[in-house]
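Colleague: Can you read through this structure? Questions will come right after.
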Amino acid sequence: MTDLLERAIERARALPPETQDEVARAMLVVLDDEQTLVVLSPEEKASFAKSLAQAARGEFASDERIRAMWAKHGL
């Protein structure tokens, strides 16, 4: 094992268990040993549900609003 990988693993050991699992999932995705699994928080689930409901009702941003958003970011 390289020194860099050892340092990374040592730092990961100090993290809370949930964060260790997130780091492990990311490593496994990079190593292609596990399919990507994203666990959404309740807030994220609610946000997706709200967005899907808006889309189902046909509520989309106007062209003007999109242009303003791009302009705000200099694009």
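The values are calculated or read from the model by the stated rules, or taken from the named source; none is laboratory data. Being a predicted model, the structure only gives us computed values, none of them experimental. Cβ placement follows ideal geometry from the backbone for every residue including glycine, while neighbour counts extend to all protein chains displayed.
Colleague: What helices (runs of 4 or more DSSP H) lie completely within the chain and have 1 or more residues being under 24 Å from the mean Cα position of the chain (by Cα), surrounded by 10 or more Cβ atoms within 10 Å (Cβ to Cβ) and polar (S, T, N, Q)? I'd like the intermediate steps shown before the answer.
Modeller: Numbers: elements: 3-13, 17-31, 42-56, 63-72.
Counting at least 1 such residues, we get 17-31, 42-56.
Colleague: Another question, if that's okay. Please go through the stretch 4-22 and give me each residue that is within 21 Å of S41 (Cβ to Cβ) and of a type in the set (D, E, K, R), ordered by number.
Modeller: Those that are within 21 Å of S41 (Cβ to Cβ) and of a type in the set (D, E, K, R): E18, D21, E22.
Colleague: Same structure again: Going by the structure shown, is L37 in contact with a helix residue (DSSP H, G or I) (Cβ under 9 Å, 6 or more places away or on another chain) and at pLDDT 95 or above?
Modeller: So L37 does not fit the description; no.
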